[in-house]
Amino acid sequence: MCLSIIYSWARRFIHDCGTERQDDHLQSGTEAEKERTGDKEEIFLRLAKVASEYDVADELLWSPDLEVSVMCNDAFHWACSDGEDVTTHDDIDMLIQACKEADYDGPLLYCARKRGMRPQGAMYGHIDKKYWKLFDDAGPERDPKEFGNTPKPKK
């Protein structure tokens with residue numbers, strides 16, 4: 001999708017949700033914290049650009065409060081609707097790096113790195129084999145006897 005379309009949609013979404021008002025919950029935190037983390041609108045708009053550039057919009061979930069998560073349903077545990085929050089510019093940088101390294105598997109790699117955890121063994125069957133080492137490096141080996149986990153497929 002064209003970057004300008006996503007960006008203009010994001011601006012309209014932000015305006016329609018009323019996040020430009022001066023609510024107390026949006027004004028909390030110190031100035032130093034805001035400078036380090038960015039405000040929700042800034043984070044959301046930057047993520048809209050990343051979603052367009054790396055074609056990962058289908059992997060992102062967001063709320064009317066502009067809280068954004070990367071979907072990782074069933075990746076770490078069976079039958080689990082799950083997502084990993086993206087709340088800071090550092091998180092966005094980590095997502096970009098993961099997308100550069102693992103292409104379409106980048107969003108899942110972001111989640112694995114942020115959690116410090118490998119996906120469950122069965123997920124490896126859905127990950128391009130050339131990226132398996134990146135996922136292995138994200139966390140310690142998981143016990144295939146762990147509830148809800150399965151052995152990693154053979155290469």
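The values are calculated or read from the model by the stated rules, or taken from the named source; none is laboratory data. Given the structure is predicted, the values throughout are model-derived calculations rather than measurements. With ideal geometry, Cβ positions are generated from the backbone for all residues, glycine too; neighbour counts draw on all protein chains shown.
Some points to look at:
- The set of residues in region 56-71 being more than 19 Å from residue 112 (Cα to Cα) and touching a residue at least 12 places away in the same chain (Cβ under 8 Å) consists of 62, 64, 65, 66, 67.
- Applying a threshold of 6 Å to beta carbon distances and a minimum spacing of six or more residues, or different chains, the list of pairs starting in region 126-147 at a residue that is closer than 18 Å to residue 99 by Cβ and ending at one that is basic (Lys, Arg) and assigned to a helix (DSSP H, G or I) reads 138/113.
- Where residue 84 falls short, out of the listed (1) modelled with pLDDT under 95; (2) touching a helix residue (DSSP H, G or I) at 6+ places or on another chain (Cβ under 7 Å); (3) not in a helix (DSSP H, G or I): (1)
- The numbered conditions (1) assigned to a helix (DSSP H, G or I); (2) surrounded by fewer than 16 Cβ atoms within 10 Å (Cβ to Cβ); (3) under 16 Å from the mean Cα position of the chain (by Cα) are all true for residue 133 except (3).
- Total residues in region 103-122, condition surrounded by 16 or more Cβ atoms within 10 Å (Cβ to Cβ), over 20 Å from residue 61 (Cα atoms) and at pLDDT 95 or above: 2
- With respect to the conditions (1) surrounded by 12 or more Cβ atoms within 10 Å (Cβ to Cβ); (2) on the phi < 0 side of the Ramachandran plot, residue 66 falls short on a single one, namely (2).
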